Amino acid sequence: MAATINNLNLSSIVYAQQESSSIEDNSTEIQNSTEDKSEAAEESSAQESRESSTPEETSEQINQEGSNVQVDSSQSQKTSEISYETQLEGETKLKRKQLKFPLNGWENVELEIEEVYVKSGNTLKAGDPILKISSESMQKLLEYYNNQIDAAQAEVEQKEVSYELEKRNAEYEREQAKQSGEMAASIRDTQLQSLQTDATDLAKQIEQITLQMDNYEKALANNTYYEEYGIIDMAEAVENSRRLMENVQRMLSEAQSGSQNVDSATLELLQNMVNQAENSYSLMQEQYDKLLSDYGRKVSEAQTEKNKLQDTLSSLQEEYNDKQEKDESQSIEINKEYDRAILLSNQAEERYNIVIETLDEELNETKANIEKWEKARDELYAMEDGIIYAEQDMIVSSFRYHNGDKIEEQKSLLSYDDAASVLINVNVPQDEIVDWNVGDIVKIAVEGYEQLFSGTVSAMDLERAVQKNTDEIEYNVTIAIEQGEQQLKDGLDATVLCGEIIENTTSEDQETERSSEETSQNNTESSGEDVSQSQVETSQNSTESSTELSTELLPSGGTQ
């Protein structure tokens, strides 16, 4: 690495220029302060003239007046060095590219080179000729393009016909599925309603039978039939008839015993009453027995009917429960069928969209083929002389064709180094790579160039590490250099500057600087009114301008 790069004397020179400018301004003030005071009037007039002038004119006038003052050149040289915290060594490298034949579809035609104009190692400018294709090859390529255009146009016409046919089929399938989806809702509602109706009918029958059973149970429990047949009233009537009969029989018996003087007519009357009472009692007893028999039969019939209703109710309840389970299962199936129909309808819509999208893509792709071949033909027309020209500045690194050669499909026309794309590869230590990112800006010092270049991190290979020794691991980083108007070459030593700027100044330099400042201050005070305020401001402006210049040339360094 050259000493200019390692020591970065460019920054030192800029710093020295700043100090030299400051000393020159101070010497100008000293010269002005030693003028003969007898020329005060002229000086005053000159001062008024400078006050009315612009700062630039004043600075130029001061520099001209102090141009005869001799300054020790050793005072303008500083021993300070400016460096960067990290300096990575590398080498400039031009990006290598391949130049392909500029037209599409040429590989289907045998192209013969009529004449070549370059060879390996040539430096070309944009617009320089590279090679010429024979006119016969150009004509064959034109015929090939025309055939491709005709074939593509025929294919477009065929695609348009099939497009309409397939579109109609897709629309028909979509409408069929859509109608099926709409009918599925109606079918589902009808089937569910039918299941609900059957269940409702069973529930009503169960409710009616349950009510009838409740009536029978209440009638039996409350002796409703007993009261209905008048058993109690009849039993009282039979009891009264029995008592009447017994009373009449007792009266007849007493009369017949002779304890009482009863005539025969009375006895006969009593006998008739007894007969009537006995007949009445017997008749009422028969009616009572018949009522009891009818009552018993009615109760038995009610119990039998109640048992029948119980059996019917059990059967209906079982049927209702089974139907509930079946209806639930059928409802699930019915809803599944509905969902399936709706899904098919939606899928048909999606399939339709996919079919139309595919048809559009195929048709557009076929139409694009026409445009592609027409564009290739137009480019062929534009290359009427058959010569292929360099589209940019380049350095030919490899060119293997000669006059009469056929262009090979698997081989590029030439390999070239892109003069506009300059790269530098550096190895970054593992402990620092975390601070690097693609897109970071760095400063680069290049051998043989005084100014610093700006570079951008374009790639970082973090998968493959470079191990220099057992303790150090580094990663390769590629940086693209911004050249500006400069044309950097391949293989130049370069240094990437990163991190903070480090400035080292010796004690001798500091002492010289303080002495210079004191001398300047004393001369300024002794000159008094002889040195105008405008001159002081002009001196300050010149110093600030020099400082700004050096600051601009000093790179910021480090990663962004």
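What to note about this one:
- Against the list (1) farther than 30 Å from Ala199 by Cα; (2) in a helix (DSSP H, G or I), the condition Gln212 fails is (1).
- Residues that are touching a strand residue (DSSP E or B) at 6+ places or on another chain (Cβ under 6 Å), part of a loop (DSSP other than H, G, I, E, B) and more than 10 Å from Ile479 (Cα to Cα), drawn from the range 437-452: Glu447, Leu452
- Condition check for Val118: out of contact with any strand residue (DSSP E or B) (no Cβ under 9 Å at 6 or more places or on another chain), at pLDDT 90 or above and among the β-branched types (Val, Ile, Thr): no
- Qualifying residue in the range 145-166 (condition: part of a helix (DSSP H, G or I), without any contact (Cβ under 8 Å) to a residue 60 or more places away in the chain and within 30 Å of Arg340 (Cα to Cα)): yes
- Exactly one residue out of Ser454, Ser397 is surrounded by 13 or more Cβ atoms within 10 Å (Cβ to Cβ), closer than 16 Å to Lys95 by Cβ and out of contact with any helix residue (DSSP H, G or I) (no Cβ under 6 Å at 6 or more places or on another chain), and it is Ser397.
The rows are residues; the columns are (1) under 30 Å from Glu112 (Cα atoms); (2) not hydroxyl-bearing (Ser, Thr, Tyr).
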site: Thr304; (1), (2): no, no
site: Gln317; (1), (2): no, yes
site: Lys326; (1), (2): no, yes
site: Val355; (1), (2): no, yes
site: Asp378; (1), (2): yes, yes
site: Asp385; (1), (2): yes, yes
site: Asp393; (1), (2): yes, yes
site: Gly404; (1), (2): yes, yes
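- Some residue of the range 336-355 being of a type in the set (S, T, N, Q), touching a helix residue (DSSP H, G or I) at 6+ places or on another chain (Cβ under 6 Å) and closer than 16 Å to Glu171 by Cβ: yes
- Any pair with Cβ under 7 angstrom, 6 or more apart, that starts in the range 249-270 at a residue that is in the same structural domain as Tyr281 (by TED's automatic domain parsing) and ends at one that is at pLDDT below 80: Glu254/Gln260; Ala255/Val262
Residue-by-condition table, conditions (1) closer than 30 Å to Ser194 by Cα; (2) small (Gly, Ala, Ser); (3) more than 40 Å from the chain's Cα centre (by Cα):
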| residue | (1), (2), (3) |
| --- | --- |
| Thr312 | yes, no, yes |
| Glu319 | yes, no, yes |
| Ser331 | yes, yes, yes |
| Asn353 | no, no, no |
| Asn369 | no, no, no |
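- Hits in the range 346-365 - residues which are of a type in the set (Ser, Thr, Tyr) and either at pLDDT below 90 or in contact with a Gly (Cβ under 9 Å, 6 or more places away or on another chain) (or both): Tyr352
- Residue in the range 376-385 that is assigned to a helix (DSSP H, G or I) and over 15 Å from Trp106 (Cα atoms) present: yes
- Scanning the range 404-431 for residues being crowded, with 16+ Cβ neighbours inside 10 Å and part of a loop (DSSP other than H, G, I, E, B) gives a total of 3.
The values are calculated or read from the model by the stated rules, or taken from the named source; none is laboratory data. Keep in mind it's a predicted model, so treat the numbers as computed, not measured. Cβ atoms come from the backbone with ideal geometry, glycine included; neighbour counts cover every protein chain shown.
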